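Derivation of every value follows stated rules applied to the coordinates shown; laboratory data play no part. Just so it is clear, the model here is predicted, and its values are computed rather than measured. Glycine also receives a Cβ, built like all others from the backbone with ideal geometry; neighbour counts cover every protein chain displayed.
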Amino acid sequence: MSEPIDIDAVRAGNLKKLAGANLEESDLAGCDLSGVQLAGAILSGCDLSRANLNRAHLEGSNLVGANLAGADLRANLWGANLMQCDLTGADLRGANLRGANLMGAKLTGASLTGAFLSGASLMGANLKGADVRGADLRGANLSDSTLRSTDFSRADLQGATLSEANLEEANLQAANFTGASLARANLLCADFQDAIMAGANLTGACTTGTILD
């Protein structure tokens, strides 16, 4: 879209087709953007805190550094760039985040239950206290991430990289770590009850107080 975007119309919910639009650094806090077409849109630096993006199309969108705290992001974010975003307390249940870039993102207290994160990059991300139950994280990169007290129960982490991640007191019950790398990870008091660990790499990991079957 080459013509200027009417931000007031966006805030009012009157524009539903914004694919490729440049909305960089716009104030859209609390706006209802449910179902809006934003594929490939530039939303870097936007304030989208508490915004309703349920069912929105954000495939390949650029959200670098955006404020998405408390937002409803049960949306299609396939391949989106969410690097350094603030997603504190965001609702990402069942969201499509396949191949998304979440490097350095803040996801503390976020809900990612049943989310699809296969192939996503979460290097250096902070998911402290997040709910990631039953999520698909196959092949995801969570190296050097903060996962303290995170709930990964029943999550699929086959082939995932969690090297040097902090998983202290994390709930990993019944999670699948087949072929995953946990090298040099902090697993202090983490709970791996009923987890599948076939071929997992635990070289140099701290397992003090860890519950391992």
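The table below lists the values:
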read-out	value
Residue ID - nearest to ALA71 (Cα to Cα), chosen from residues in the range 27-48 that are touching an Asp or Glu at 6+ places or on another chain (Cβ under 8 Å) and among the polar types (S, T, N, Q)	SER34
Residue tally, condition more than 16 Å from THR146 (Cα to Cα), small (Gly, Ala, Ser) and surrounded by fewer than 24 Cβ atoms within 10 Å (Cβ to Cβ), over the range 68-107	5
Residue in the range 2-21 that is without any contact (Cβ under 8 Å) to a residue 24 or more places away in the chain, among the β-branched types (Val, Ile, Thr) and closer than 15 Å to ASN101 by Cα present	no
Residues that are among the polar types (S, T, N, Q) and either within 14 Å of ALA160 (Cβ to Cβ) or more than 23 Å from the chain's Cα centre (by Cα) (or both), drawn from the range 182-207	GLN193, ASN201, THR203, THR207
Residue list for the range 177-190, restricted to those being under 13 Å from ALA155 (Cα atoms) and surrounded by 22 or more Cβ atoms within 10 Å (Cβ to Cβ)	PHE177, ALA180
Out of ARG154, ARG133, ARG148, sole residue that is in a loop (DSSP other than H, G, I, E, B) and under 14 Å from the mean Cα position of the chain (by Cα)	ARG133
Residue tally, condition among the charged types (D, E, K, R) and part of a loop (DSSP other than H, G, I, E, B), over the range 75-105	2
Odd one out for ALA12 among (1) within 30 Å of LEU167 (Cα to Cα); (2) surrounded by fewer than 18 Cβ atoms within 10 Å (Cβ to Cβ)	(1)
Qualifying position, being polar (S, T, N, Q) and farther than 24 Å from ASN201 by Cβ, among SER111, SER145	SER111
